[in-house]
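**Q** Take a look at the following structure, please.
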Amino acid sequence: MSVPRPGRGAIAPAVLVVLALGAALVTGLRSADRAATEPTAATGGLVQHSTLACPDAPVARGTRASAALGLAPAARGLTVPDGGAVTVGPVTSDGRPMDVPRGSLRPLTPADGPAADATGGSAAGLFGYRVDAGRTTLGVTTCPAPRAQWWFTGAGAGLDHSSSLLLANLDPGPAVLDIAVLGPDGPVDTVATEGITLAPHSVRAVPLADIAPQTDDLAVSVRTSRGRVVASVDDGYAAKASAGRGQEWLAGTDLPSRTLRLDGISGTADTSTLLVANPSDLEAVVRARVAGKSGTFTPEGLDAITVAPGAIKAVDLSKMLPAHEPVALRLRSRVPVVASVRTVESGRFDDHAYATPVAPLAGPAAAPLVPGADASVQLTAGAVASTATLTAYDAKGGRVDSTTLDVAATATATWSPRKGGAYVVVEPTKGRVHGAVTYTGDGVAAVPLMALPFRVERPTVRPGIR
């Protein structure tokens, strides 16, 4: 039986329809690519309320701790009204008013406490940080806002690597949360880590050795079923038994992702270890690429990384990363993962730092400049060449140094501000960038750039493909 063939008159309209659909699809994809690589315009109204808390942990022997609260200058093209109020105090008590003029950075004393609440114009651009410095160790962390989910990758509960999870409830209602732990062999059986109730305006420290003992590398999640919390991880790590133990704050991310960007890998580390955790029920196959000064590449010898369900895996990158070159890492996986890179300087300091997940900046972001430490701002561009303005301010809001940094597509560029600054503000002006700041002083540290609250983000609706 022969199948009838359509004539040429029938083929032509069909081809035109296919071509038209193809053109529409390509146009839609190109538009989506442009949207993904261009800065997101600020939407919504001004932020009217900001809340944050620095980790309230005891200071280790031989270490001095300091904290500060800042109000960054208004973002480019944005008018922020005067007025508003800032209150500071311990999480466990009512706050007291603090005068924080626009652009200034004010130290927080122990009496002030680690929590801050701002309203009105004083809520726009609020940020804070804590620094712990010893003779050969340095820890730096920004002070985050409360949220419902947290993930930390690279914590420990062993003899040479031990961490404490710090939880704070800033809200007037109780928070109910679960803590889950992943180890090299899969999910760790823990005791009394589900349905934990954290009373209003209270803090709790959870040494990981109490819930997951004798495990050197862990991923930890905190998820609330009611309320919100601020979570931090105080991490102590010794590269070997004879080495001193360094201290660092491990920054958290909110959710696992199929694409992760890890920033804050310095070029002076003696060892670099990638830690990837797979919270899913499926095996994760993770591919890593390095963003250096000339662009993105896959290091020789770095094959796809396979991570079993519910497990964490360590990969030594020490001989794969370019020497004396700050880089970022991009991970891609078919199932959502969490990750970090632990770098160790064992020569001068016996100290360590973490490169943790960061998001592309949709607006200005800030980070502290630590007295006595050399700071390097590292920015990595997305798919197109990008530009950002970087400005260092003193504690009174005066400009100390500034530059315009051009970053080639998928590459990493750095800038070191001159001494005398108290904090740095990064504002993308073209394309998309993400980044972190690394420090070398009493020890080494790294901290992601902290997005500054200026506008309430609202969803952007774009036409779909018809």
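**Q** For the range 49-451, what is the relative contact order in percent, using Cα pairs closer than 8 Å and at least 6 residues apart in sequence?
**A** Computed value for the range 49-451: 17 percent relative contact order.
**Q** Place a +1 charge on the Cβ of each Lys and Arg in the chain and a -1 charge on the Cβ of each Asp and Glu, then give the dipole magnitude about the Cα centre in debye, rounded to the nearest 20.
**A** 1800
**Q** Taking the number of other C-beta atoms within 10 Å as the exposure measure, put E325, E427, E194 in order starting with the fewest.
**A** E194, E325, E427
**Q** Quick one: length gained pulling A408 to T197 fully straight, 0.36 nm per residue minus the C-alpha distance?
**A** Length difference between fully extended and current span is 71.1 nm.
**Q** Rounded to whole Å and sorted largest first, what semi-axes of the equivalent ellipsoid does the C-alpha gyration tensor of the range 196-259 yield via the square root of 5 times each eigenvalue?
**A** Computed over the range 196-259, the values are 26, 16, 12 Å.
**Q** Follow-up. Going by C-beta contacts inside 10 Å, put C143, C54 in order with the fewest on the left.
**A** By the 10 Å Cβ count, ascending: C143, C54.
**Q** Further, regarding this structure: Just to check I understand the Karplus step: with θ = phi - 60° and J = 6.51 cos²θ - 1.76 cosθ + 1.60, what whole-Hz values come out for the range 126-138, glycine and proline as x?
**A** Result, rounded to whole Hz: 6, 8, x, 7, 10, 10, 10, 10, x, 5, 9, 8, 8.
**Q** Separate question: Go ahead and estimate [θ] at 222 nm for the chain from helices alone: -39,500 (n - 2.57) per DSSP H run with n ≥ 4, summed, over the residue count, rounded to 500. Don't skip to the end; give the middle numbers.
**A** Details: 2 runs with 34 residues, N = 466.
So the helix-based figure for the chain works out to -2500 deg cm²/dmol.
**Q** Related question: Taking the range 372-421, which trypsin sites (Lys or Arg not before Pro) meet the DSSP loop condition and have no more than 14 other C-beta atoms within 10 Å?
**A** When the trypsin sites (Lys or Arg not before Pro) of the range 372-421 are filtered for loop state and at most 14 Cβ neighbours within 10 Å, K396, R418, K419 remain.
**Q** Using a cut-off of 19 Å between alpha-carbon atoms, which aspartates and glutamates can reach K240, once sequence neighbours fewer than 8 places away in the same chain are excluded?
**A** Within reach: D160, D216, D217, E248, D270, D316, E345, D350, D351.
**Q** For A205 and H324, FRET efficiency with R0 = 41 Å and r from the beta-carbon atoms, rounded to 0.05?
**A** The calculated FRET efficiency here is 0.60.
**Q** Follow-up question, since we're still on this one. Show which lysines lie in cross-link reach of K419 when reach means a straight Cα distance below 19 angstrom and same-chain residues fewer than eight apart are skipped.
**A** Qualifying lysines at Cα under 19 Å: K396.
**Q** What's the local net charge at V327, with K and R +1, D and E -1, over the other residues with C-beta under 15 Å away?
**A** Residues near V327 contribute +3 overall.
**Q** Out of the range 263-369, which trypsin sites (Lys or Arg not before Pro) are coil in DSSP terms and have no more than 12 other C-beta atoms within 10 Å? Working shown, then result.
**A** Values: sites: R287, R289, K293, K313, K319, R330, R332, R334, R342, R348; in loops: K293, K319, R348.
Within the range 263-369, the qualifying trypsin sites (Lys or Arg not before Pro) (loop, at most 12 other Cβ atoms within 10 Å) are K319, R348.
**Q** Next question. Take the alpha carbon atoms of the range 291-336, find their center, do the same for the range 64-123, and report the distance between the two centers in whole angstrom.
**A** If we compute the Cα centre of each part, the gap is 38 Å.
**Q** For the range 210-278 and the range 353-393, write down the distance between their C-alpha centroids in whole Å.
**A** Value for the Cα centre distance between the two parts: 20 Å.
**Q** Sticking with this structure for a sec: By how many nm would the segment from K396 to V176 lengthen if fully extended, with 0.36 nm per residue of separation less the alpha-carbon distance?
**A** Gain on stretching K396 to V176: 75.2 nm.
**Q** While we're on this one: Each residue of the range 52-62 in order: what ³J(HN,Hα) in whole Hz does its phi give by Karplus 6.51 cos²θ - 1.76 cosθ + 1.60, θ = phi - 60°, with x for Gly and Pro?
**A** Residue by residue, the range 52-62 yields 8, 8, 7, x, 9, 10, x, 7, 5, 4, x Hz.
**Q** Can you check how the C-alpha radius of gyration of the chain compares to 2.2 N^0.38 Å, as a plain ratio?
**A** Details: Rg = 23.6 Å, N = 466, 2.2 N^0.38 = 22.7 Å.
In units of the globular-protein estimate, the chain measures up at 1.04.
Taken together, the values in this text are just the output of simple stated rules run on the coordinates, not laboratory data. Small disclaimer: the values here were computed from a predicted structure and weren't measured. Here Cβ is always computed from backbone atoms with ideal geometry, including for glycine, and neighbour counts include all displayed protein chains.
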